[in-house]
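**Q** Please see the structure below; I have some questions.
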Amino acid sequence: MEFFQILWYALMGVLLAGFFVCSGFDFGIGMLSIGFSDKRKRDNAMAEIAPFWDGNQVWLIVAGGALFAAFPLAYSLILANLYTPVILLLALLIFRVVAIEFFLALNGEKWRAFWIWVVALSSIGAMTLVGIALGALCGGEVLLKSDGGWTENFLRIFTPLAAGAAVLCVVFSLAHGSVYLAVKNSSSEDFRRLASRWLAALAVAYFAYLLLFFFNGKTAEIPRMFTLAVFVLAYMPVRFAMRSIKTGKLKTAFAMTSLFAVLAVCAHCMGAYPYIVFPSQTSPGVDIFSASSSLLTLKIMALVALIGVPLAIGYFAYSHAVFSKGGNPPDTGY
Amino acid sequence: MEVDLLSRIQFALTAGFHFLFPPITIGLSLFIVVLEAMFLRSGETAYRAAAKFFLKLFAVIFAIGVVTGIVLEFEFGTNWPVYSRFVGDVFGSPLAIEAVFAFFMESVFLGIAIWGWNRVGRKAHFAATLLMCIGTHLSAVWIIAANSFMQTPGGFELQYENPSGAVEILADSAVPTAAQIPYTRAVITDFWDMAFNASMMDRFLHTVSASWLCGAFFALGVCGYMLLRKPEVRFSAQCAKAALVYSGVSVIFMMFTGHGSARLLAQTQPEKLSAFEGHYATSKNAPLYIIGWVDEDAQKVSGLKANGFFSLLAYGAFDKEVKGLRDLPSDEFLKKIHSGMSPEELDAVRPNYWPPVNFCFQTFRAMVYLGGAICIFVAWGFWLWLFKRLFDLKYRSSRLFWMAAMFSAALPVCASQFGWAAAEVGRQPWIVWHILKTSDAVTTAASASEILFSIILFSCIFAAVAGLGVWVVYKKITGYNEEDA
């Protein structure tokens, strides 16, 4: 039983990491696109994510479904207590999806100029809320409601650590997205410069976040040193990515920002283990052993993940292989 | 207003809005596969142009469908946490399976299908479209498995953790009391019994055939527009023929599955079926109302009726006895909840276990009559085809048909909405049939003002999305240009 509970805790991490690696770049490109004064550049950037963004966000849906199936108690507690932030996240996701779809669907200049703003703002907003939720994992009394009023209940989630995680998520998306654009436009010096700049920003943001975590972040059963070690280790790929951009190994740089996302998620999961909702003065918290489904469900779901996740990774690999040959055709409206 | 009522409104709003789109995409995905198969077989580029065009429309509708579906997935937690915790072990797995097996497949291969025309070969492209279509159908399988568990739960047991901390298994078909609910959860005992529970297959087939109709009628409507307004478009006629055949097959399938679903209800959820028919007193030769109005206070239906046809519908013979609502749910069942009550007292509480009868009665009729209109429309199309007037726009009858086709695209979508409303409201007051009541499953964490805020927020967003979505689809159809394809 314990094996499967821990396995599912780890798999939740895998799904979250999948979300950041895959969706990170399309969120980031969505944000970057408003910065492109050149319309061609903006349209091409959006065309780069067109075939992928829909599949990418599935990781988040799967993470939600897996939390429901594997840890129903945690699912119901967290979502019910984070009512307004979750509703806002959903609203922002709707805005983002329809904005991308509407942007691509028609060609009018005003039409596109309007929707690109919606894409960018909703991407920033949604990533912020995802980051807050993740930051709350390690310091999670914010997950459970106090008896305060409506605004207090909403504002309570913006603790320093959670806010730091939100900033980190947004900056990471920008860096990951800019590296992706550099990979896709390997001949362009502009994109490489853009990527270096955002990677530098990521390095600074992450360093600040590390300090914040060192003083503010909580850890549970796994010795604090181990968690901190992984946190520090996650800094390495960022530096490495910066060097790879300089030496022109763009794909390596992309692999490195992806690795950063995996390690950062891993560090947070380690810090919180075995809790999904951290204990606090007001509540004993929720750990994976009390919140999980029955053994049979966990086994069935493990089988599903064992077959389904590699299949999904296969789909993504195939899809990227199909679209990797050269840039997209210039007519971006489909 | 209360949290309970607001949560119901919110869920009805979001689920209703979501359910406008998936039926169209499910139906359309299969239609696109058919078009591409015909292109592969005949090599005629008109079919490819049509497939390309419909894929573009598909993408817009699909995106709205996906994102409104995400809302539902998380609403189970935000608004119905008691429910989520109670059935999470059972209900969560089909949702997760749907996401893992269906969502990745449909959305990744949709990307390839739309953007990959020049990047993969014909056959690879066909495979991508086919996988996308399989994905949308798989998604229907699992979401309906989850929903059917709420209607006819099976393959589980109820585990109750009593105050001393020991876990006991409640007897089969026990109804946990309000005090027990926070400490009880449903646990899977047999996965396949749970997923393929008593009503799953019938409901899946009925929903999928309705979805095919939605797709087919959408395609017919688009072809109608093209035929009338854009005579230069090459694919219209061929595509319209394919859509008409598709809707003909689906309509037959839909009638059989609809009848099957109704007959199954008589076995599994008799209260619901009797509410559909406003059938209060148990009787032989039970009447079927062609049209009517249910007076819920007087427990009477006034209207035009056909005696015996309800018995025929439910049990296949005129003289079969059909239980009325006054005997449903049975005394034995009610005694599980209200032990020690006399038969008179049981009669007094019984109406609390009925769904809103008139609502079910009317929505069910609306669905059936819209289904009838669909049949007539399809028959009309085949009639014209038989006399070779279908595409001869010199004739007024042909022009009239295609004009009607443009508007009748709404028929199956409306029928689906009414059918779904009847099915879900007919399940009330239960959220899980005869196990957990909806009013016991609602959130205790969120406040009424928060939920009201979410309702207002979603109403505004949905209105905007619906308006813009329709406009984008309209623009794509009217702005279609052969040269671009």
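The values are calculated or read from the model by the stated rules, or taken from the named source; none is laboratory data. None of the values given here were measured: they were computed from a predicted structure. So basically every Cβ, Gly included, is an ideal-geometry build from the backbone, and we count neighbours across all protein chains shown.
**Q** Among the residues of the range B:86-109, is any closer than 30 Å to B:T478 by Cβ, facing chain A (nearest Cβ under 8 Å) and hydrophobic (A, V, I, L, M, F, W, C)?
**A** Yes - at least one qualifying residue is present in the range B:86-109.
**Q** So, in the range B:121-131, of the ones that are more than 23 Å from B:A195 (Cβ to Cβ), touching a helix residue (DSSP H, G or I) at 6+ places or on another chain (Cβ under 6 Å) and of a type in the set (A, V, I, L, M), which residue ends up nearest to the other protein chains (Cβ to nearest Cβ)?
**A** B:A128
**Q** What number of residues within the range B:422-438 are of a type in the set (D, E, K, R) and over 15 Å from B:F364 (Cα atoms)?
**A** 1
**Q** I'd like to know if the range B:415-426 contains one or more residues that are within 14 Å of the chain's Cα centre (by Cα) and in a loop (DSSP other than H, G, I, E, B).
**A** Checked the range B:415-426: at least one residue is within 14 Å of the chain's Cα centre (by Cα) and in a loop (DSSP other than H, G, I, E, B).
**Q** Something else now. All but one of (1) crowded, with 22+ Cβ neighbours inside 10 Å; (2) out of contact with any Cys (no Cβ under 9 Å at 6 or more places or on another chain) hold for A:F52, so report the exception by its number.
**A** So A:F52 meets the others, but not (2).
**Q** Additional query: Taking B:A446, is it part of a helix (DSSP H, G or I) and within 14 Å of another protein chain (Cβ to nearest Cβ)?
**A** Spelling it out, it is not the case that B:A446 is part of a helix (DSSP H, G or I) and within 14 Å of another protein chain (Cβ to nearest Cβ).
**Q** Which one of these is in the same structural domain as B:L390 (by TED's automatic domain parsing), free of Cβ contacts under 8 Å to residues at least 24 places away in the same chain and not aromatic (F, W, Y): B:S209, B:S164, B:S236?
**A** One residue alone meets the criteria, B:S236.
**Q** May I pose another question? Within the bounds of the range B:217-240, is there any residue that is in contact with a helix residue (DSSP H, G or I) (Cβ under 6 Å, 6 or more places away or on another chain), within 30 Å of B:L334 (Cβ to Cβ) and of a type in the set (A, V, I, L, M)?
**A** No, there is no match, as no residue in the range B:217-240 is in contact with a helix residue (DSSP H, G or I) (Cβ under 6 Å, 6 or more places away or on another chain), within 30 Å of B:L334 (Cβ to Cβ) and of a type in the set (A, V, I, L, M).
**Q** If you scan the range A:213-248, which residues turn out to be modelled with pLDDT of 85 or more and assigned to a loop (DSSP other than H, G, I, E, B)?
**A** Across the range A:213-248, the qualifying residue is only A:A234.
**Q** Would you tally the residues in the range A:276-309 being part of a loop (DSSP other than H, G, I, E, B) and more than 10 Å from chain B (Cβ to nearest Cβ)?
**A** Final tally of qualifying residues: 8.
**Q** Does A:A312 satisfy the condition of being more than 7 Å from chain B (Cβ to nearest Cβ) and modelled with pLDDT of 85 or more?
**A** So A:A312 fails the test.
**Q** Taking the stated definitions as given, is B:A421 aliphatic (A, V, I, L, M), surrounded by fewer than 15 Cβ atoms within 10 Å (Cβ to Cβ) and in contact with a helix residue (DSSP H, G or I) (Cβ under 8 Å, 6 or more places away or on another chain)?
**A** So B:A421 does not fit the description; no.
**Q** If you don't mind, there's one more thing I want to ask. Hey, can you tell me all the residues within the range B:1-47 that are outside any helix (DSSP H, G or I) and not hydrophobic (A, V, I, L, M, F, W, C)? Don't jump to the end; show me each part of the working.
**A** Pass one, the range B:1-47, residues outside any helix (DSSP H, G or I): B:1-2, B:19-21, B:43-44.
Once the filter is applied, which keeps residues that are outside any helix (DSSP H, G or I) and not hydrophobic (A, V, I, L, M, F, W, C), the range B:1-47 yields B:E2, B:G43, B:E44.
**Q** Then there's this: Identify the residue in the range B:456-471 that is over 22 Å from the mean Cα position of the chain (by Cα) and facing another protein chain (nearest Cβ under 10 Å) and, among all such residues, is nearest to B:L57 (Cα to Cα).
**A** Step by step, filter the range B:456-471, then rank; the result is B:W471.
**Q** Also: Determine, yes or no, whether A:F191 is at pLDDT 90 or above, in a helix (DSSP H, G or I), in contact with a helix residue (DSSP H, G or I) (Cβ under 8 Å, 6 or more places away or on another chain) and crowded, with 22+ Cβ neighbours inside 10 Å. Please lay out each step first, then the result.
**A** Values: at pLDDT 90 or above: no; in a helix (DSSP H, G or I): yes; in contact with a helix residue (DSSP H, G or I) (Cβ under 8 Å, 6 or more places away or on another chain): yes; crowded, with 22+ Cβ neighbours inside 10 Å: yes.
Here the answer is no, as A:F191 does not meet what is asked.
**Q** Can you confirm whether the range A:77-84 contains a residue that is facing chain B (nearest Cβ under 10 Å), part of a helix (DSSP H, G or I) and small (G, A, S)? Before the answer, list the steps.
**A** Kept after step one, since they are facing chain B (nearest Cβ under 10 Å), are these residues of the range A:77-84: A:77-84.
Narrowing further to those that are part of a helix (DSSP H, G or I): A:77-81, A:83-84.
So of that shortlist, the ones also small (G, A, S) come out as A:80.
Yes, the conditions are met somewhere in the range A:77-84.
**Q** Give B:M341, B:M255 a once-over and let me know the one that is surrounded by fewer than 18 Cβ atoms within 10 Å (Cβ to Cβ) and in the same structural domain as B:S211 (by TED's automatic domain parsing).
**A** B:M255
**Q** Also, I was wondering about something else. Would you check if there is a residue in the range B:260-268 being more than 20 Å from the chain's Cα centre (by Cα) and either assigned to a helix (DSSP H, G or I) or surrounded by fewer than 20 Cβ atoms within 10 Å (Cβ to Cβ) (or both)?
**A** So far as the range B:260-268 goes, yes, one or more of its residues are more than 20 Å from the chain's Cα centre (by Cα) and either assigned to a helix (DSSP H, G or I) or surrounded by fewer than 20 Cβ atoms within 10 Å (Cβ to Cβ) (or both).
**Q** Which count do you get for residues in the range A:62-76 that are part of a helix (DSSP H, G or I), more than 7 Å from chain B (Cβ to nearest Cβ) and touching a strand residue (DSSP E or B) at 6+ places or on another chain (Cβ under 7 Å)?
**A** 1
**Q** Can you tell me which residue within the range A:90-117, out of those that are more than 24 Å from B:L55 (Cβ to Cβ) and more than 8 Å from chain B (Cβ to nearest Cβ), is surrounded by the most Cβ atoms within 10 Å (Cβ to Cβ)?
**A** Checked the range A:90-117; the qualifying residue surrounded by the most Cβ atoms within 10 Å (Cβ to Cβ) is A:L92.
**Q** Does A:L181 satisfy the condition of being modelled with pLDDT of 90 or more and assigned to a helix (DSSP H, G or I)?
**A** No; evaluated as a whole, the condition is false for this residue.
**Q** Pairs under 9 Å by beta carbon, first residue at positive phi and facing another protein chain (nearest Cβ under 7 Å) in the range B:58-75, partner modelled with pLDDT under 85 and not in a helix (DSSP H, G or I), six or more apart or different chains?
**A** none
**Q** Does the range A:88-111 hold any residues that are under 23 Å from B:G65 (Cβ atoms) and of a type outside the set (A, V, I, L, M), and which are they?
**A** Correct list: A:F95, A:R96, A:E101, A:F102, A:F103, A:W111.
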